[in-house]
Amino acid sequence: MTIFVTGGAGYIGSHTVIKLVENGYDVVVADNFSNSKKEAVKRTRELAGKDFPLYEIDICNERMLSKIFTIHDIDCVIHFAGLKAVGESVEKPLEYYKNNLNSTIALLSAMKSHNINNIIFSSSATVYRPDNKMPLTEDSLTGGCTNPYGWTKFMCEQIITDTVNATGRLTAVVLRYFNPIGAHESGRIGEDPQDTPNNIMPYIAQTAVGRREFLSVFGDDWDTVDGTGVRDYLHVVDLAEGHVAAIKYATENPNGTSIFNLGTGKGVSVLELVTAFEEATGVSVPRKITQRRPGDIATCYTATGKAKELLGWETKKTLKEACADTWNWQKNNPNGYV
Ligand code: NAD
Ligand code: UDP
């Protein structure tokens, strides 16, 4: 079976490519390197032990997608490609809507022309309304997103669902990720934000390695265990395995859209995360409590029942392992792939 991986040079994509190859799949990667480096693909090939094809294209370009689908007999698409910085999406909404929506539409159109009937889509916990009860289940209410990035995921889910309903032969698995952290155990690939990190884990790692002076903790007056924000942090390698499970599920349950939350089911506060990182690595992380970040919510974590029951997937790696693997990547690559 051959899997077409859009955004396969990125953080989650590169780890998933390795898991796909380990599980016997052939892989074709496409990326425009707008938020990644060719070095990541080189190292992914080394770790996978396989020289898979790579196309440097914009996924919005349906003509190029069509060319690739003529060359390769693709069975399933995993659509990681997209812009993902929440703050940037508020400043540049049109870039986000253009890139994330047009890429999804071009991909679905090219898939239709070439009779490719399986798609796994990277969605996010941000599609859930901020006022849901915790833990979030796949039936929790969606919408009311607080930024354009979240709306692009919400809209792409709708575009995929409508296309599935119209064609009758498409199978879509929508994966709503919670907070991926960690890196491949080799320390050769990991998360490499191009600018100042938006997410907490790369910020912690860059502070630990001396690239940042201190971590700003965005508020200690939330209604949580210690006043700091609570999230559901899962190891990126576990998340990668979730995609392997999703492909199996799609092939065994054809026609229709299925939605799964992928997370650990455990909420961890910012201060608990920092402590876990310090304990796992022996490196201290200077921090200062600052103002709340606009748009943040107190707590977000998932119920894990549906993914366990239907995908046969659950996280295996601990928070400590995720912290140790993040540090292994960061200390060996203090400036990322550069
Ligand atoms: P990433 O930025 O590391 O990877 C995305 C890749 O897509 C990058 O290599 C980028 O160059 C590429 N890309 C973007 N637009 C493209 C286009 N038009 N054509 C070709 N390539 C393009 O991000 P990631 O963390 O690996 O996330 C992967 C997916 O998962 C994204 O869709 C993201 O929104 C989603 N997601 C990520 C998180 C997270 O915390 N990392 C959480 C929830 C959902
Ligand atoms: N956070 C923080 N400092 C940072 C980045 C994030 O205190 O520099 C907090 C943030 O307020 C939230 C948690 O860490 O409570 C996770 O934030 P992140 O942006 O990584 O994920 P998201 O909020 O999108 O789930």
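For n ≥ 4 DSSP H runs only, could you compute -39500 (n - 2.57) per run for the chain, divide by its residues and tell me the 222 nm figure to the nearest 500?
Rounded to the nearest 500, the figure is -12500 deg cm²/dmol.
Can you list residues whose amide H is under 5 Å from Thr142's amide H, if they're 5+ apart or on another chain and H is modeled 1.01 Å from N?
Arg129
Can you list the HN-Hα couplings for region 271-277, worked out from phi with the Karplus curve (6.51, -1.76, 1.60; θ = phi - 60°), rounded to whole Hz and with x for Gly and Pro?
Couplings: 5, 5, 5, 4, 4, 4, 5 Hz.
Taking amide H atoms as placed 1.01 Å from N in the peptide plane, list the residues 5 or more away in sequence, or in a different chain, whose amide H sits under 5 Å from that of His184.
The list, which skips near neighbours in sequence, is Ile189.
Compute the accessible area per residue over region 48-205, keeping the other protein chains in place, probe 1.4 Å, unit Å².
The answer is 43 Å² per residue.
Step through the table entries Lys50/Lys84; Lys37/Lys248; Lys37/Lys320; Lys19/Lys248; Lys19/Lys317, compare each Cα-Cα distance with 22 Å, and write down the pairs that go over it.
Lys50/Lys84; Lys37/Lys248; Lys37/Lys320
Per the 1.4 Å probe, what fraction of the accessible area of region 192-272, in percent, lies on carbon and sulfur atoms?
Solvent-exposed carbon and sulfur of region 192-272 make up 43 percent of the total.
Suppose all protein chains stay in the model; what accessible area per residue would a 1.4 Å probe give for region 211-338, in Å²?
Accessible area per residue, region 211-338: 47 Å².
Given region 184-254, what whole percent of its Cα pairs are spread farther than 21 Å?
So the portion of pairs separated by more than 21 Å is 49 percent.
With unit charges on the beta carbon (Lys/Arg positive, Asp/Glu negative), name the residue among Ala172, Ser34, Ala85 whose Cα is farthest towards the positive pole of the charge dipole of the chain.
Ser34
For Ile68, what charge total do you get from the other residues with a beta carbon under 13 Å from its beta carbon, if Lys and Arg give +1 and Asp and Glu give -1?
-3
For region 24-181, count the residues as N, evaluate 2.2 N^0.38 Å, and divide the Cα radius of gyration by that value, please.
Rg over 2.2 N^0.38 Å, computed on Cα atoms: 1.08.
Hey, how much of the P(r) for the chain falls beyond 28 Å, as a percent of Cα pairs?
38
Just want to confirm a number: the relative contact order over the chain, from Cα pairs under 8 angstrom separated by 6+ residues, in percent.
Contact order relative to length: 19 percent.
Specify whether the C-alpha gyration tensor of region 136-186 places it in the rounded, prolate or oblate class, a ≥ b ≥ c being the square roots of the eigenvalues: rounded for a/c under 1.5, otherwise prolate if a/b is larger than b/c and oblate if not.
oblate
Dipole magnitude of the chain about its Cα centre, charges +1 at Lys/Arg Cβ and -1 at Asp/Glu Cβ only, in debye to the nearest 20?
In debye, rounded to 20, the chain gives about 340.
With the Cα gyration tensor of region 1-107 giving a ≥ b ≥ c as the square roots of its eigenvalues, does the rule (a/c under 1.5 for rounded; else a/b larger than b/c for prolate; else oblate) give rounded, prolate or oblate?
Verdict is oblate for region 1-107.
The values are calculated or read from the model by the stated rules, or taken from the named source; none is laboratory data. Since we're looking at a predicted model, the values are computed, not measured. Every residue, glycine among them, receives a Cβ derived from its backbone with ideal geometry; neighbour counts consider all protein chains shown. The accessibility values were calculated without ligands, DNA or RNA, using every heavy atom of the protein model including side chains. Shrake-Rupley method; radii C 1.70, N 1.55, O 1.52, S 1.80 Å.
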